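First the structure, in the form of structure tokens, and then the observations on it.
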């Protein structure tokens, strides 16, 4: 999904880093570095470079006041580390901002700066082949798959609203993985949950059974290219108490198996 921001608002837009400005030179990140910055318009920002960052920001005219930044601490390769160091050197304290045409410019008084463009997609992963994609209760989501190194990954991406940080969940399986039974994950989706995973190829129907006798919820089945012994499933469910299970059924409605009990 492309971003619908014809006026290129500072807030609620996914901004992708295109170049780093230093006092003596300007350089571009390596192609594999997908650095993104966003502001939610409610006093917060978040970013993905190599690590994930978030913090508080006050927009005061053409100045940003950035404070209380927190981030993950993953190890980064040389290309990503160079971009991350440049990013952290600019997105800190008082920063001057301006939008010139399609470009967001962030500048420090000492000549350091960053240049961004509106990202061509709102979704974090460009390589994901979508199975489900859209909007729900003001948020955006994508559920899909991708293959790499002989394995297949199922991935879930969600944000509560434009400008908010993205959340992720996923699993990776071999194409011929012998599915012992329903293999689900439960992920955040605003006030609801998204349940997804893999089931045996012979499965005809999948349901999510909440605890305490609540009505079952039918989940959707998906054929994933390259998966020979299993198929994917997924669907939205209400936030329920701990103890729900996923149940698989054959074409006659007979139970094939049930999962471990899921957290709330």
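Descriptive notes on the structure:
- Counting the residues of region 133-164 that are under 19 Å from residue 192 (Cβ atoms) and surrounded by fewer than 18 Cβ atoms within 10 Å (Cβ to Cβ) gives 7.
- Scanning region 7-18 for residues that are part of a loop (DSSP other than H, G, I, E, B), free of Cβ contacts under 8 Å to residues at least 60 places away in the same chain, closer than 23 Å to residue 168 by Cβ and not assigned by TED's automatic domain parsing to the domain that holds residue 158 turns up nothing.
- Subset of region 118-132 [surrounded by fewer than 16 Cβ atoms within 10 Å (Cβ to Cβ) and closer than 17 Å to residue 38 by Cβ]: 120, 121, 126
- Verdict on residue 31 being surrounded by fewer than 12 Cβ atoms within 10 Å (Cβ to Cβ), in a loop (DSSP other than H, G, I, E, B), within 21 Å of the chain's Cα centre (by Cα) and not assigned by TED's automatic domain parsing to the domain that holds residue 139: yes
- Residues that are surrounded by fewer than 17 Cβ atoms within 10 Å (Cβ to Cβ) and either within 20 Å of residue 9 (Cα to Cα) or in contact (Cβ under 8 Å) with a residue 24 or more places away in the chain (or both) within region 56-74 comprise 56, 58, 59, 60, 61, 62, 63, 65, 67, 74, listed in sequence order.
- Residue 181 vs. criteria touching a strand residue (DSSP E or B) at 6+ places or on another chain (Cβ under 9 Å), modelled with pLDDT under 95 and either under 16 Å from residue 155 (Cα atoms) or part of a loop (DSSP other than H, G, I, E, B) (or both): yes
- Checked against the criterion of being in the same structural domain as residue 134 (by TED's automatic domain parsing), in contact with a strand residue (DSSP E or B) (Cβ under 9 Å, 6 or more places away or on another chain) and over 22 Å from residue 144 (Cβ atoms), region 224-236 has no qualifying residue.
- Residues that are more than 19 Å from residue 122 (Cβ to Cβ) and either surrounded by fewer than 13 Cβ atoms within 10 Å (Cβ to Cβ) or at pLDDT 95 or above (or both), drawn from region 34-54: 43
- Residue 97 falls short on exactly one of the conditions (1) in contact with a strand residue (DSSP E or B) (Cβ under 9 Å, 6 or more places away or on another chain); (2) touching a residue at least 40 places away in the same chain (Cβ under 8 Å); (3) over 17 Å from residue 21 (Cβ atoms), and that condition is (3).
- Scanning region 20-27 turns up one or more residues that are over 23 Å from residue 134 (Cα atoms) and buried (at least 16 other Cβ atoms within 10 Å of the Cβ).
- Only one of the numbered conditions (1) at pLDDT below 95; (2) within 30 Å of residue 150 (Cβ to Cβ) is violated by residue 214, and that is (2).
- Residues within region 52-88 that are closer than 21 Å to residue 104 by Cβ and outside any strand (DSSP E or B), tallied: 10
- For region 61-114, a residue qualifies if it is in contact with a helix residue (DSSP H, G or I) (Cβ under 7 Å, 6 or more places away or on another chain) and under 19 Å from residue 48 (Cβ atoms), and the qualifying residues are 76, 106, 114.
- For region 245-264, residues that are assigned to a loop (DSSP other than H, G, I, E, B) and over 28 Å from the mean Cα position of the chain (by Cα) total 5.
- Residue match in region 2-23 (condition: touching a helix residue (DSSP H, G or I) at 6+ places or on another chain (Cβ under 7 Å) and at pLDDT below 95): no
- Matching residues in region 188-208 - criterion: being at pLDDT below 95 and in a strand (DSSP E or B): 188, 189, 192, 193
The values are calculated or read from the model by the stated rules, or taken from the named source; none is laboratory data. Just so we're clear, the structure is a prediction, and the values are computed from it rather than from any experiment. Reconstructed Cβ throughout: ideal geometry from the backbone, glycine too, with neighbour counts over all protein chains shown.
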